[in-house]
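Take a look at the structure below.
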Amino acid sequence: MKLFKKEDETIQILCFPDEDVRKGDYLMVEDFRSGRSLLVQVIDIRFANFPGLMEDLLRDELTEKIVFGDDFDPLGLETQITLLRDVRILLGKIRCSIEDGKLNMNISWLPSRTHSRVYKVDALRLVELLKLGKKRPLKIGEMNGGLELAIDVDGLDGGLTIITGRKGTGKSHLSKLLILGLVEYGAPCVVFDVNGEYVNLGLDKNGEKNKYYERIVVLEPTKNFKITLNYAGKHILANILTYTLGLPQTSLREFFRVWDETIQTNHLTIKKIVERVKVSNLHEHIKEALLSRLYTLERSGFFTDEEFKLVRVEDVLGRVSGGGVIVLNLSRLPNLERKIVVEFMLGKLVELLKRWFVKAIFLFAEEAHLYLRETYWEDIVTRMRHLGLFTFFITNQPDSIHEDIYRQVDTFFLFNFKNENDLNTITKVSKVDSESMKSITYSLEPYHCLAVGQATKEIPLIIKVKELPVKTMGETRKFFS
Amino acid sequence: MFNPWMDFFPENLVNLSFESIHGLKGEKLEVEGLIRSEETLNLEGETETLNLKTFKKEDLEKRVFEISPLNDYVTVVGVDISLRKIGNTKNGVVCAFRGTVVWKDEYAYHYTRYGPLLYHLTENHAKTVFGLKFDGGNPNHNLGKIQFFVEKVFQKHVLRNLKNSIVLFDGCLSTQMVNVETLNLARKNNNRVLAFAKKSRLYSWSEPLKVLREKFSPCILCLNDLLSESFKSTCLGWVFLAKLSKENFLFRLDVDKTLALDEAVQTVRRLIGNEHFHHGYPETLRIAHSLSILTRVEVIAIQRFLTEKLGIKILRPENHRRMLFGPFGGW
Ligand SMILES: Nc1ncnc2c1ncn2[C@@H]1O[C@H](COP(=O)(O)OP(=O)(O)OP(=O)(O)O)[C@@H](O)[C@H]1O
Ligand SMILES: [Mg+2]
């Protein structure tokens, strides 16, 4: 391999076809005069186009269809010629510079063409160089060449993560893997499971209980998970009424007046509030507005008036606070009810974090646009993060995630995309240049992802995600098969 | 038909290649701005120039034969070689040779291609092995000599293995380009030798074209008795101007002169009955030519071979580097 060109952080390298280099691989450009090296990631592979090649190909095209024959080539030059025609240009991006075995970001220097050596960095060397998975290793898969790769769980701590890619490429699978990894290190996780595909994390492939069984709590809202008005509290209920049910502010004030009256004389139940509203001297419009919302809450089945049926989030959280998962199964809920449950859950988690009931929670939100209200997006990356809610967004519709989120993302797991629009959306992530992102993502194989973040020392790596030892049940539903 | 086996290949050409290349180990090779797409050596006297302007129309008209194809089957064989300089060494030159034989049977075109073979030729070599005397002043002349030499060896090789065919050479049947023995050998095996000179367009503007253009069908114009004595003295062929397809492209066509004129004409008729012509030029020769040509890419591959296998250091004039080799300037 030979250094050919450098423009800003883009490098072109001449490579003979007998050298096996793939997109995403790392190369070292070692300048042996200055003792420095550049770590370069291959983002595209092209044919070298050099003078005279066209002429050659044309000749082939003109003759090969009509003529058949043999070559007597005693010097074996034909192989050299074939080799040369397949010479490739590797397009690479400089990721960092290495001096005295240490990484740094000073990549502005120019290596010498004649006094530099270019070679492929194998996975083992790369992992050592980046010192990956030293502290709290989480084995997530393997690198090109088969080396098992472990990232540091610490890299996921305190941040915002996005997992995105085309349908069926393995996003949920990876997310499960990360969850189990976090659980191993004692972290509490909560999953907003829209497809009901996380409910079996506690079972192995044969359906037998696995070692995570005790640490996985599946909450089925309206079934084993109901709450009372009182437990929800004024604040959360106000949010539900306002954001989910669209209750105007004036009516909301009246609602809480009735609420306060009810609580003084009675045990607080939806029925009691309804009765009070009915007999109150409120304006008919307001009365109707309140009643219709109250009926909706009642019908949702998520609320109960019976104290003994109440499931307290802190109780559940207590069970997983030493490492475990609360799977909030949203798959059976209609749209509106799903939003109500999420509104409640997020509100409650924030409340508990504020009270330091737990230090932090890792929240996995599948297809969040289906249930997350507009105003929460920003909240999640700012306020909630500071309180200790570290969110993982998992989606196959990258444009459903707000732009701000992309800009603020700390860790990014990117699976394959083919669609131009999706490819453009993901380039909003500022961690990696858009050219790399598009080129690599486009050709990622199933179950392979491009990972970048603290967990990879900010160096983008292609990882083949490993299999899961648990019952996955995450298949996209199909009629045939 | 043609027996393509390499055992028949002129052994001295292969051996010489191995020997001379071996002696190159560790040497320095200087390459120059020689890599244009098709380097023709363009030697003076390579193809005798026909000065067509001096011919008069009346003289020409009498000598035109309209010819019709004879369709009885005969194999048509095209032979071409290419020789290209790769670079200079301290005391010689490295060049690459490739030769191709193309033949057409009733169904398709086939080829056997030899090479690329590499030669390192020093003055000493040339004398002892090829029996050639190098001209100190003009390296191109020396290359030309080598080209004629290997071409002749190659022709002989082909004809040794052929029977009852029409054999087409590139160029003309002059003593410089063909050996008399080769023609004798050809006849002995009932082969007919013809040569097409590629520089057709030179003739486009002159009288003969007008004469031939008036004819619709293929026709040839015999020039022998109009040629100068000095020309004739080196010429081993009947010299025709030929228009062999409907398009108005003319080529100089030479036919072995030891054949009677009517036999020569007969051969041309059988040729057009058995071969495709594209722009007046026979397809076997076109294919032989394009398979033999050493392209720029191939020249670079050869240089790489020399560097990798023989540890030869390639020297390039600094200023030529980028211009000539683009991305490969760095080697
Ligand atoms: N690394 C892997 N090794 C083996 N199987 C995998 C791997 N990743 C995913 N799978 C399997 O591929 C299928 C699809 O994976 P998954 O459900 O994770 O895709 P997805 O990207 O979440 O799809 P969707 O967009 O539909 O949610 C599942 O059956 C899963 O078990
Ligand atoms: Mg999924």
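Computed values, structure above
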| item | result |
| --- | --- |
| Conditions (1) in contact (Cβ under 8 Å) with a residue 60 or more places away in the chain; (2) part of a helix (DSSP H, G or I): number failed by A:Asp305 | (2) |
| Whichever residue in segment A:132-173 is hydroxyl-bearing (Ser, Thr, Tyr) and within 14 Å of ligand 1 (Cβ to nearest atom) and, among such residues, is farthest from A:Pro469 (Cα to Cα) | A:Thr164 |
| Failed item in (1) in a helix (DSSP H, G or I); (2) open to solvent by 10 Å² or more (accessible area, probe 1.4 Å), with A:Thr441 passing the rest | (2) |
| Among the candidates A:Lys226, A:Lys167, A:Lys176, residue that is touching a residue at least 40 places away in the same chain (Cβ under 8 Å), under 19 Å from the mean Cα position of the chain (by Cα) and open to solvent by 40 Å² or more (accessible area, probe 1.4 Å) | A:Lys167 |
| Matching helices (runs of 4 or more DSSP H) fully within segment A:310-396 where at least 3 residues are in the same structural domain as A:Val183 (by TED's automatic domain parsing) and touching a residue at least 40 places away in the same chain (Cβ under 8 Å) | A:313-320, A:335-354 |
| Residue check for A:Phe68: closer than 24 Å to B:Arg113 by Cα, within 12 Å of chain B (Cβ to nearest Cβ) and either at pLDDT 85 or above or part of a strand (DSSP E or B) (or both) | yes |
| Among (1) among the small types (Gly, Ala, Ser); (2) open to solvent by 10 Å² or more (accessible area, probe 1.4 Å); (3) in the same structural domain as A:Tyr185 (by TED's automatic domain parsing), the one test that A:Ser292 misses | (3) |
| Single residue of A:Leu182, A:Leu110 found to be in contact (Cβ under 8 Å) with a residue 40 or more places away in the chain, away from ligand 1 (no atom under 16 Å from the Cβ), among the hydrophobic types (A, V, I, L, M, F, W, C) and in the same structural domain as A:His448 (by TED's automatic domain parsing) | A:Leu182 |
| Qualifying residue in segment A:427-434 (condition: touching a Gly at 6+ places or on another chain (Cβ under 8 Å), over 30 Å from A:Leu336 (Cα atoms) and part of a helix (DSSP H, G or I)) | no |
| All positions within segment A:386-423 that are in contact with an Asp or Glu (Cβ under 9 Å, 6 or more places away or on another chain) and either more than 16 Å from ligand 2 (Cβ to nearest atom) or within 14 Å of another protein chain (Cβ to nearest Cβ) (or both) | A:Phe390, A:Asp399, A:His402, A:Asp404, A:Ile405, A:Asn421 |
| Hits in segment B:74-124 (condition: within 30 Å of B:Lys313 (Cβ to Cβ) and surrounded by fewer than 20 Cβ atoms within 10 Å (Cβ to Cβ)) | B:Asn88, B:Thr89, B:Lys90, B:Asn91, B:Thr122, B:Glu123, B:Asn124 |
| Count of residues meeting criterion [at pLDDT below 80 and either open to solvent by 60 Å² or more (accessible area, probe 1.4 Å) or among the polar types (S, T, N, Q) (or both)] in segment B:23-38 | 4 |
| Total residues in segment B:243-276, condition at pLDDT below 90 and crowded, with 21+ Cβ neighbours inside 10 Å | 5 |
| Strands (runs of 3 or more DSSP E) wholly inside segment A:139-200 that include at least 1 residues being away from ligand 2 (no atom under 16 Å from the Cβ) | A:148-152, A:188-193 |
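The values are calculated or read from the model by the stated rules, or taken from the named source; none is laboratory data. This structure is a prediction, so every number in the text was calculated from the model and none was measured. With ideal geometry, Cβ positions are generated from the backbone for all residues, glycine too; neighbour counts draw on all protein chains shown. For accessibility, only protein heavy atoms count, side chains too; no ligands or nucleic acids. Shrake-Rupley method; radii C 1.70, N 1.55, O 1.52, S 1.80 Å.
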